[in-house]
Amino acid sequence: MQNYNCDISDDPYSSSNHYDLGYTNGGYDENYDGKVDHIEAFSSWDFSQLERVLHSGIEHKDYFWVNIDTCFQFHVKASDFYENQTMPVFYQTCRDFSYSVYSPQKELIGKDTGTGCRNFTNHKWEIM
């Protein structure tokens, strides 16, 4: 049975829970197909974590987090930085990444790959 704090020990949960994570906008069945898929599990907070991995994550290192609002678990690994000349001129620094998402019951609900590219002017990462 899932407990109130996503099966995270009390100390990390308490220290994380006092931060303002924003409103909960992920982890629900947006397309009403009866299940939360790996894309629907992402909230804006989780996308922020993914952007951090893309911006400064070590190549080929596994990064993990649990969203304490939804209890979905995320595993992300980014590749090396590379220049992609086929992208628009302000988005040519890119990284490929892979991710998997686990339900609050720790069951794999999906995995996929993607590409993120950095905007040259504001250094923000966008999933392409």
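The values are calculated or read from the model by the stated rules, or taken from the named source; none is laboratory data. Just so it is clear, the model here is predicted, and its values are computed rather than measured. We place every Cβ from the backbone using ideal geometry, glycine too, and count neighbours over all the protein chains shown. Remember, those area values only see protein heavy atoms, side chains included, never the ligands or the DNA or RNA. Shrake-Rupley method; radii C 1.70, N 1.55, O 1.52, S 1.80 Å.
PHE47: accessible area at probe 1.4 Å, nearest 10 Å²? Accessible area of PHE47: about 90 Å².
Accessible surface of THR115, taken over heavy atoms with a 1.4 Å probe and every protein chain present, rounds to 40 Å². The local environment of TYR82, defined by Cβ-Cβ distances under 10 Å, has a net charge of -2 under the rule Lys, Arg +1 and Asp, Glu -1. Centre-to-centre, using Cα atoms only, segment 66-109 and segment 39-57 are separated by 7 Å.
In the context of the full protein assembly, HIS38 retains an accessible surface of approximately 40 Å², using a probe radius of 1.4 Å and ignoring ligands and nucleic acids. Rounded to a whole number, what % of the accessible area of segment 46-107 do carbon and sulfur atoms account for, probe 1.4 Å? Roughly 52 percent of what the probe reaches on segment 46-107 is carbon or sulfur. When only Cα pairs below 8 angstrom with a gap of at least 6 residues are kept, segment 74-128 shows a relative contact order of 30 percent.
The value for segment 73-128 of Rg(Cα) / (2.2 N^0.38 Å) is 1.35.
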